[in-house]
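For reference, the structure discussed in these notes is given below.
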Amino acid sequence: MGSISETAHYDAIVVGGGFGGIYSVHKLRKFKFSCHLFERGNGLGGAWHWNCYPGARVDSNVPIYQFTDDDTWDQWDWSQRYPGQKELKAYFGHVDHVWDISKDTTYNAEVRKASWDPVMKQWKVEYVSTIDEETTGRVTGRFLLYCTGLNAQPWMPDFKGLDTYQGFLTHTSRWPQQGLDVKGKNVGIIGTGASGVQAIQEIGPQVGKLTVFQRTPNTALPMDQQHYDKKFNDSMKEELHPLFAKTRTTWSGFLYQWRDELTKDVTPAERERFYEQQWKKGGFEFWVGNFKDIAIDQEANDYAYAFWRRKVHERVKDPRKAELLAPKTQIHPLGTRRPCLETTFYEVFNQDNVDIVDLRANKIADITEKGVRLVDGSEYDVDILILATGFDSNTGCITNVDHRGVDKTTNIKARWAQGVWTNLGMASSGYPNCFYIYGPQSPAAFVNAATLVEVQVDWLVDVLRHMRRQGLTIIEATPEQEAKWREEVLAVGNGALFPKADGWYYGANIPGKAREPLNYMAGLPIYRERLAFASPAQGYGGFRVE
Ligand code: N01
């Protein structure tokens, strides 16, 4: 890369090299749109490039957690039902080998600025090298696609004294790519979201001592990991087409649905039998395969929570630890924050070298040179401090860019300061020719990533092809439709139990962020209907085109 200069022009500029960016480049090129991808990491995979902490593993199962094009899966075998980070990274390498995404990618390049040029009707995009801040570049594109992911902008709380800590400090999603030796070390970890749970169960048996600083317990569910051999992969491939088709028809893009009955419609014995059955199936079956009222009725949710709590208490020997991990009184309804999938998380707390500290009873006062100090004055010295503190989810990677549309005085961060405004979670008024894939106000957090990305990109590339045929050059969400979509997103989320939980689903994990549902929770089939309304065949409903 060199310094800023007017350089290349593309039909589309794509930001982010995960599922969304890769599939966008593939589809755009297939229909002869020129495009270029900018990725801040030095490889493809998005979340699976960055999240290389011990135990990092996907919570959506294969075979549906992959692209559906035959050429990507024909020569690829999975070793596990829920593959780990290394395997997923290798998968993206395989996809690159098949589709040659790297040919049109600039790595180690973070897009920092994007502005709409109304005269040239194009986006000017500026990027900075992540290796050498002095090296910058600029390109232009008719269209701009943010494929920046759901959880990709790490969130580091502003702990007092954090910069004075002398040990090794890392955020889970910035774990050293070359690895970190934790064996025998005294380790502290703050946070028990999915990243924390996975790291804890993996490093607990390796470290000398592990102190888990927990503010909110995770309602973790059993993963039911399974190993897949060649024979299994071969037989799985015979079934793939109908399975992929089914993912388009379920609420979550998984192969199962909510049970179409209310919890109270069945006898207590049937409820118990069904809970056991869903529990044994593993994955999110106990959540989005549960009675359909678990997400909307507190009493129904209480039954499920009580079952979950009993299961945890059966596995954790120390009653103090068990009560902290699964308290009698719910802190939030089960499923209103993302449950993590675990394998040995609860057993790890039976080890003498693993302890849990309750940050609700005793908050973090500051970080000292040696470790963590709580408000009661107790101190925990650690060699390694892991921040498993999550992400500025949904919006963070977009607002991180100085992104300016028609109104040059306001960037997207300011525009969204009081809440997110999009049509379909895919575009905002005032930002012509710019789209978000897997973005805020889409069903992203609730739908299998590979499924939703393909649905959205297929829709978008179809739109762009029609526009090209009709000689149209501009597409922009209308303010009216944007307002309607926002209302629908908020109504669906707030109509369920979700508002009872503070977490990233509501932006509540980031101080000062507007507290509102950040994703569309009505499920994939309804979302697809809404997308169809905006298709060229329906006159681009909700979009202005010219
Ligand atoms: O982040 P989180 P995550 N003081 O926001 C705590 C995806 N993902 O990285 O809950 C003390 O869930 C915070 O406490 P609290 C997946 O979708 C997927 O774990 O706010 N604690 C919480 O415990 C996942 O849901 C995979 O009270 C503080 C934790 O940090 C999403 O990413 C793997 C604190 C943050 O949990 C995010 O997961 C990994 C503070 N000041 C991630 N600030 C898989 O596919 C925050 N915390 C499996």
- Student exercise, the stretch 162-387 dipole from Lys, Arg, Asp, Glu Cβ charges, in Debye to nearest 20: 200 debye
- Item | Under-5 Å amide H pairs with residue 357, H placed in peptide plane, nonlocal only | 212, 213, 214
- Whole-Hz Karplus couplings 3J(HN,Hα) for the stretch 320-337, θ = phi - 60° and coefficients 6.51, -1.76, 1.60, Gly and Pro as x, run 5, 5, 4, 5, 6, 6, 9, x, 4, 9, 4, 8, 8, x, 4, x, 8, 10
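Ratio to report: Rg/Rh of the chain, with Cα atoms as the point set and Rh obtained by the Kirkwood method; give two decimals. Before the final figure, lay out the partial values.
Values: Rg = 23.3 Å, Rh = 24.3 Å.
Rounded to two decimals, Rg/Rh equals 0.96.
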- Estimated D of the stretch 298-450 in µm² per second, where Rh is the Kirkwood radius over Cα pairs and Stokes-Einstein applies at 10 °C, 1.306 mPa s: 81 µm²/s
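Taking loop as defined by DSSP and a crowding limit of 12 other beta carbons within 10 Å, which GluC sites (Glu not before Pro) in the stretch 334-399 fit? Each step should come with its number before you reach the end.
Values: sites: 342, 347, 369, 379; in loops: 369.
Taking the stretch 334-399 and a limit of 12 other Cβ atoms within 10 Å, the loop GluC sites (Glu not before Pro) found are 369.
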- Message: Restricting to Cα pairs below 8 Å that are 6+ residues apart, what does the relative contact order work out to for the chain? Please round to a whole percent.
- Response: 19 percent
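Helix-derived [θ] at 222 nm for the chain: sum -39500 (n - 2.57) over DSSP H runs of at least 4, divide by residue count, nearest 500? Intermediate values should be presented prior to the final figure.
On the way: 16 runs with 166 residues, N = 546.
Rounded to the nearest 500, it is -9000 deg cm²/dmol.
Quick one, can you get me the convex hull of the C-alpha atoms of the stretch 162-387 expressed as volume per residue in Å³?
Working: hull volume 36.4 nm³, N = 226.
Taking the convex hull of the Cα positions in the stretch 162-387, it is 161 Å³ per residue.
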- Task: Could you work out how far the C-alpha centroid of the stretch 246-267 sits from that of the stretch 350-403, in angstrom?
- Result: 36 Å
- Message: Taking amide H atoms as placed 1.01 Å from N in the peptide plane, list the residues 5 or more away in sequence, or in a different chain, whose amide H sits under 5 Å from that of residue 219.
- Response: 340
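Quote the convex hull volume per residue of the stretch 163-219, based on C-alpha atoms, as a whole number of Å³. Don't jump to the answer; show the numbers that get you there.
Details: hull volume 5.6 nm³, N = 57.
Dividing the Cα hull volume of the stretch 163-219 by its residue count gives 99 Å³.
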- Item | Cα→Cβ-extended label distance, 7 Å offset, between residue 90 and residue 77, nm | 1.1 nm
- Spin-label point model (7 Å from Cα, Cβ direction): what's the residue 264 to residue 368 distance in nm? 5.3 nm
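Quickly rank 225-235, 516-526 as a protection proxy: mean count of other C-beta atoms within 10 Å, highest first.
Working: 225-235: 11.9, 516-526: 21.5.
Order by mean packing, descending: 516-526, 225-235.
Multiply the residue separation of residue 180 and residue 375 by 0.36 nm, subtract the distance between their alpha-carbon atoms, and state the gained length in nm to one decimal. Mind showing how you got there, number by number?
On the way: separation 195, 0.36 × 195 = 70.20 nm, distance 3.02 nm.
Answer, rounded to one decimal: 67.2 nm.
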- Message: Give me the percent relative contact order of the stretch 394-546, please, defined on Cα pairs under 8 angstrom at least 6 residues apart.
- Response: 27 percent
- Message: Cβ neighbours within 10 Å, averaged per peptide: list 33-42, 142-151 in order, most packed at the top.
- Response: 142-151, 33-42
- Item | Inter-site label distance for residue 409 and residue 296 at 7 Å from Cα along Cβ, in nm | 4.4 nm
- Task: With both partners inside the stretch 162-387, how many of the DSSP beta bridges are antiparallel, as a percent to the nearest 5?
- Result: 20 percent
- Interchain or sequence-distant (5+) residues whose placed amide H lies within less than 5 Å of the amide H of residue 370 are 166
- Item | Anisotropy class of the stretch 1-66 from Cα gyration tensor, a/c 1.5 cut | oblate
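Residue 314 to residue 138: FRET efficiency via 1/(1 + (r/R0)^6), r the Cβ-Cβ distance, R0 41 Å, to the nearest 0.05?
Numbers: r = 59 Å, r/R0 = 1.44.
Rounded to the nearest 0.05, the efficiency is 0.10.
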- Note on the structure: Once phi for every residue in the stretch 110-125 is put through the Karplus expression 6.51 cos²θ - 1.76 cosθ + 1.60 (θ = phi - 60°), the whole-Hz ³J(HN,Hα) values, with Gly and Pro written as x, are 9, 6, 10, 9, 9, 9, 7, 9, x, 6, 7, 6, 7, 9, 9, 10
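Report the extension gain between residue 239 and residue 156 in nm, rounded to one decimal, defined as 0.36 nm multiplied by the number of residues separating them, less their alpha carbon distance. Don't skip to the end; give the middle numbers.
Values: separation 83, 0.36 × 83 = 29.88 nm, distance 4.30 nm.
Stretched out fully, the residue 239 to residue 156 stretch lengthens by 25.6 nm.
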- Message: Quick check: the distance between the Cα centres of the stretch 199-222 and the stretch 30-65, to the nearest angstrom?
- Response: 26 Å
- What does the convex hull of the alpha-carbon atoms of the stretch 1-121 project to on average, in nm²? 8.9 nm²
- Query: What is the local net charge at residue 478, summed over the other residues whose Cβ is closer than 13 Å to its Cβ (Lys, Arg +1; Asp, Glu -1)?
  - Reply: -1
- Task: Using θ = phi - 60° and the Karplus relation 6.51 cos²θ - 1.76 cosθ + 1.60, list the HN-Hα couplings for the stretch 389-405 in order, rounded to whole Hz, with x at every Gly or Pro.
- Result: 9, x, 9, 7, 5, 6, 9, x, 6, 7, 6, 5, 8, 6, 9, 10, x
- Task: Please grab the % of Cα pairs in the stretch 187-293 that end up more than 20 Å from each other.
- Result: 61 percent
- Normalising by the residue count of the stretch 162-387, find the relative contact order in percent from Cα pairs under 8 Å and 6+ residues apart. 36 percent
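The numbers here are math on the coordinates, done by the rules we state, and not lab data. What you see is a predicted model; the values in this text were computed from it and never measured. Quick reminder, even Gly has a Cβ in these numbers, built from the backbone with ideal geometry, and neighbours come from all protein chains shown.
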